[in-house]
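Undergrad: What follows is a structure written as structure tokens; I'll ask about it next.
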Amino acid sequence: MSAHIKDSDKGHWVNRSPLSVRPYLQLSRLDRPVGYWLLTLPGWIGLAFATLSHGFTTSDLKWAAFILIGAIAMRGAGCTYNDIVDQDLDAQVERTALRPLPAGTVTTKQAWIWLFAQCGVGLIVLLCLPRLAQIISLCSIPLVAAYPFMKRVTWWPQVWLGMTFNWAVLVAYAAKTETVSLPLFILYTGLIFWTVGYDTIYACQDIEDDMKIGVKSTARRFGKRVKLGVGVCYSVSIFLLFLAVLETYRLQGQEINESVSYSIDIPLIVLYLAYFAPVSLFAAHLIWQVKTLKVDSSQNSLKKFKSNFWAGLLLIFPILYFW
């Protein structure tokens, strides 16, 4: 019988699936969907962000679907790879000890086969993307491959995770526009700080076990100042997201000024102010997370981590609305 993993929802359909396939679904973390949503949302944010300069087209829906499918497949592949690398460490941590590999419900060979099967789905999605988006996607492979080892060599593995998890914003923007831009890279950096913040919250669940086995994390690095550390990361993220949008509007203003004979300063100011309000919803959500975070409560940390699904949506819908 497949054991119930501690941080998995008992009522989730994965935990009611046939025992023969359940361990594979658990390797992919399909019983914890917030992970693939946090991989999908940066891609959707990239698409929404691109509408500010390139408008909305029906092809955006196609790219959004591909991003979701690719995120589910590659998040599953990444988690499977992570579990293969970390199976000895996972066996020593209460929260992860019952995962399929340390629990023995699948073998390492079976896990590798499942990993390549999921990569096959990702490859199909990759082949559907424009050339620039394909190249950018392939550039993420070293980040994904190195991530499981980061917690062994640096106190800042969450930064590496942020670089990896938010790569989809670059892919999605390139798929829609077939270009990249300075505002895009500012946005990407802002999302990295967002991820460092929420994954630090997630890592609070394992502080004691991580200390015993020597695993490093920002949660341990910040020590008693976890809330301050998360707050700083979120503050930098909010600032950079504002800056990315304002820089987009500024560049648009320059292009318009080159083709018209009148100044558009007043309309630009209106656009700036129009965007401050919706981004403030995202900011307010992050502030709520920090103020209500209880570092010594695993349940509270997990709840705050999962709430970032809604934080991401608060960033997407206002962009589309004001476009």
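No lab work stands behind these numbers, since they all come straight from the coordinates. Quick caveat: nothing in here was measured; it's all calculated off a predicted structure. As a convention, Cβ positions derive from the backbone with ideal geometry for all residues, glycine included, and neighbour counts pool all protein chains shown.
Undergrad: Normalised by the residues of segment 13-322, what does the relative contact order come to in percent, with Cα pairs under 8 Å and at least six apart?
TA: Relative contact order, segment 13-322: 21 percent.
Undergrad: When only DSSP loop residues count, what chymotrypsin sites (Phe, Trp or Tyr not before Pro) in segment 97-187 have their Cβ near at most 16 other Cβ atoms within 10 Å? Can you show the working numbers first?
TA: Numbers: sites: Trp112, Trp114, Phe116, Phe149, Trp155, Trp160, Phe165, Trp167, Tyr173, Phe185; in loops: Trp155.
Sites meeting the loop and neighbour criteria: Trp155.
Undergrad: For the chain, the longest stretch holding no GluC sites (Glu not before Pro) located in a DSSP loop with at most 16 other Cβ atoms within 10 Å is which?
TA: With a cap of 16 other Cβ atoms within 10 Å, the longest stretch comes to 179-323.
Undergrad: Something else: To the nearest Å, what is the center-to-center distance of segment 177-238 and segment 25-84, using C-alpha atoms only?
TA: Each part reduced to its Cα centre gives a spacing of 19 Å.
Undergrad: A further question on this structure: Kindly state, to the nearest 0.05, the FRET efficiency for Leu123 paired with Asp209, given R0 = 35 Å and r defined as their beta-carbon distance.
TA: E between Leu123 and Asp209, to the nearest 0.05, is 0.45.
Undergrad: Sticking with this one: How long is the gain from Ile84 to Ile69 if the chain were fully straight, where each residue apart is worth 0.36 nm and the alpha carbon distance is subtracted? Spell out each step's value before the answer.
TA: Working: separation 15, 0.36 × 15 = 5.40 nm, distance 2.27 nm.
Stretched out fully, the Ile84 to Ile69 stretch lengthens by 3.1 nm.
Undergrad: For Ile135 and Ser20, what does the FRET efficiency come to when R0 = 56 Å and r is the distance between their Cβ atoms, rounded to the nearest 0.05? All intermediate terms of the calculation are to be shown ahead of the outcome.
TA: Numbers: r = 39 Å, r/R0 = 0.69.
Here the calculated transfer efficiency is 0.90.
Undergrad: On C-alpha positions alone, give me the angle between the axis of helix 226-259 and the longest principal axis of the chain, in degrees, nearest 10.
TA: The helix 226-259 is inclined about 30 degrees to the chain.
Undergrad: OK, next. Magnitude of the Cβ-charge dipole of the chain, K/R +1 and D/E -1, about the Cα centre, nearest 20 debye?
TA: Values: 28 positive and 20 negative charges, 169 e Å.
Computed charge dipole of the chain: roughly 820 debye.
Undergrad: A follow-up question, please. With N denoting the number of residues in the chain, provide Rg(C-alpha) divided by 2.2 N^0.38 Å, to two decimal places.
TA: Numbers: Rg = 20.5 Å, N = 323, 2.2 N^0.38 = 19.8 Å.
Relative to the rule-of-thumb radius for its length, the chain sits at 1.04.
Undergrad: Moving on to the next point. Go through Phe56, Trp160, Thr107 and say which Cα lies farthest out towards the positive end of the charge dipole of segment 13-322; charges sit on Cβ, +1 for Lys and Arg, -1 for Asp and Glu.
TA: So the residue we want is Thr107.
Undergrad: I've got another one for you. Would you list, by chain and number, the lysines whose Cα falls below 23 Å from the Cα of Lys176, excluding same-chain residues fewer than 8 positions away?
TA: Lys62
Undergrad: Need one number: nm distance between label points at Lys294 and Ala91, each 7 Å from Cα along Cα→Cβ, rounded to one decimal.
TA: Inter-label distance under the simple model: 3.4 nm.
Undergrad: Label point 7 Å out from Trp155 along Cα-to-Cβ: which residues of segment 233-252 have amide N under 18 Å?
TA: Inside the label zone: 233-234.
Undergrad: What lysines could a cross-link reach from Lys216, if we take a straight Cα to Cα line under 17 Å and drop same-chain neighbours fewer than 8 places away?
TA: Qualifying lysines at Cα under 17 Å: Lys151, Lys224.
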